[in-house]
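The values are calculated or read from the model by the stated rules, or taken from the named source; none is laboratory data. If you're wondering where the values come from, they're calculated on a predicted model, not measured in any experiment. Note that each Cβ is placed from the backbone with ideal geometry, even for glycine, and that neighbours are counted across all protein chains shown.
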Amino acid sequence: MWFGEVPVARAEGTILAHSVQVGERRLRKGVVLDADHIKALAGAGVNSVTVARAEPGDVTENDAATRLAAALVAGETGLRASVAATGRVNLYATERGVARIDRERIDAVNRIDPGITVATVREWAPLAANDMAATIKIITYAVPGAALESAETAAAGGFSVAPVSISTATLIETVIAGTGDGKGPRAMAARLETLGIDLKPVVCVRHDAGLLAQALRAATADAATGAGADLLLILTGSATSDLHDVAPQAVRMAGGTVHHFGMPVDPGNLLFLGELAGRPVIGLPSCARSPALNGADWVLERIVCGVPVSAQDIMGMGVGGLLKEIPTRPRPRESR
């Protein structure tokens with residue numbers, strides 16, 4: 001693409017780079033100058049204008065944005081593209097889920113030509129239907145066709161929405177004395193509702209490994225008959241502080257497996273992840289009693305969308321894992 005200042009008489013067919021006031025009329029940047037524009041400019045005494053001119057093989061901004069968007073949304077991606085305008089196309093989620101992003105592919109697109117850009121939400125960000133997930137912006141008025149073709153190839157398979165794949169969850173709460181205060185179940189019900197998941201009636205048991213194991217076995221028995229849930233959540237009356245504490249021990253006593261304990265996200269350090277009867281089990285940290293964002297959200301959002309979460313995945317959450325402090329936290333990071 002050629003860019004520069006030209007005499008008005010030679011500007012027909014070029015793209016106006018800067019808006020120009022012509023009497024009471026304003027010619028906006030990006031307009032392709034035709035004979036009437038040239039006449040109006042000359043009549044207003046404008047001698048020269050700054051323009052862009054596409055060269056052989058170039059693709060204009062809207063066509064380039066449309067083509068790159070098509071490459072990103074091709075297939076079962078859970079994304080739809082807007083109509084191009086001023087070199088921009090937005091991508092929107094078509095269903096509820098999390099953003100599955102191949103960072104290497106998106107980075108590759110952005111490194112091909114400075115005029116070709118893709119900006120996305122963060123990896124694994126939760127999305128509702130019609131949420132904006134990405135924006136494509138062609139910065140220049142045209143880009144080389146060869147660069148665009150390379151970007152299209154790099155973009156394929158780079159972004160999709162992993163949809164929510166479960167519909168129900170069971171929360172088992174343990175208490176030290178009496179009954180729970182209801183804050184935890186309310187906060188979790190709200191989280192799950194946002195994800196489109198139904199929370200079954202909360203099960204409350206004394207904070208004892210044997211009793212919790214019985215409740216877990218009962219929940220999986222219900223699931224086997226079709227009356228149970230796809231996901232098991234445990235919220236303990238006393239925070240889990242060891243891999244062999246009450247809640248993880250109860251999962252093993254019930255016949256399940258604990259895959260990982262602890263995470264480098266705060267609030268959320270004391271989470272554990274396991275499996276029982278083919279269903280994921282999340283041992284929630286105490287901060288899950290608050291509606292504020294915590295590490296359990298990052299795990300929960302992936303699990304309910306069928307995205308496997310390994311111990312390595314959790315241990316890789318430390319960068320960016322210092323989240324906003326919860327005001328009601330019993331043991332804050334800094335003494336008050």
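Comparison of Asp113, Asp181 shows that the only residue that is in the same structural domain as Gln249 (by TED's automatic domain parsing) and over 12 Å from the mean Cα position of the chain (by Cα) is Asp181.
Could you grab me the full set of residues in the range 24-71 that are polar (S, T, N, Q) and under 17 Å from Val8 (Cα atoms)?
Scanning the range 24-71 gives Asn47, Ser48, Thr50.
Taking the numbered list (1) of a type in the set (D, E, K, R); (2) surrounded by 19 or more Cβ atoms within 10 Å (Cβ to Cβ); (3) within 30 Å of Asp58 (Cα to Cα) in turn, Glu173 passes all entries but (3).
How many residues are in contact with a helix residue (DSSP H, G or I) (Cβ under 7 Å, 6 or more places away or on another chain), basic (Lys, Arg) and within 19 Å of Ser167 (Cβ to Cβ) when one looks only at the range 263-305? Qualifying residue count for the region: 1. Listed by first and then second residue, the pairs with beta-carbon distance under 8 Å, at least 6 apart or on different chains, first residue in the range 67-78 and buried (at least 19 other Cβ atoms within 10 Å of the Cβ), second of a type in the set (D, E, K, R), are Arg67/Glu152; Leu68/Glu152; Ala71/Glu152; Val73/Arg80; Gly78/Glu95.
Within the range 1-32, take every residue that is part of a strand (DSSP E or B) and touching a residue at least 40 places away in the same chain (Cβ under 8 Å) and give me the one that is surrounded by the most Cβ atoms within 10 Å (Cβ to Cβ). Filtering first and then ranking leaves Ile15.
For the range 141-164, which residues satisfy the criterion of being touching a helix residue (DSSP H, G or I) at 6+ places or on another chain (Cβ under 7 Å) and not in a strand (DSSP E or B)?
Tyr141, Leu148, Ala151, Glu152, Ala154, Ala155, Ala156, Gly157, Gly158
When residues in the range 153-168 are screened for being out of contact with any Asp or Glu (no Cβ under 6 Å at 6 or more places or on another chain), surrounded by 20 or more Cβ atoms within 10 Å (Cβ to Cβ) and over 12 Å from Tyr92 (Cα atoms), 2 of them pass. Counting the residues of the range 176-190 that are out of contact with any helix residue (DSSP H, G or I) (no Cβ under 7 Å at 6 or more places or on another chain) and modelled with pLDDT of 95 or more gives 4. Checking the conditions here, which among Ala190, Ala147 is over 27 Å from Val98 (Cβ atoms) and in contact (Cβ under 8 Å) with a residue 24 or more places away in the chain? Of Ala190, Ala147, the one residue that is over 27 Å from Val98 (Cβ atoms) and in contact (Cβ under 8 Å) with a residue 24 or more places away in the chain is Ala147.
Among the numbered criteria (1) at pLDDT 95 or above; (2) in contact with a strand residue (DSSP E or B) (Cβ under 7 Å, 6 or more places away or on another chain); (3) surrounded by fewer than 22 Cβ atoms within 10 Å (Cβ to Cβ); (4) β-branched (Val, Ile, Thr), which single criterion is violated by Thr220? Every listed condition holds for Thr220 apart from (1). For Glu173, indicate whether it is closer than 30 Å to Ser238 by Cβ, touching a residue at least 40 places away in the same chain (Cβ under 8 Å) and either out of contact with any Lys or Arg (no Cβ under 6 Å at 6 or more places or on another chain) or not polar (S, T, N, Q) (or both). In short, yes.
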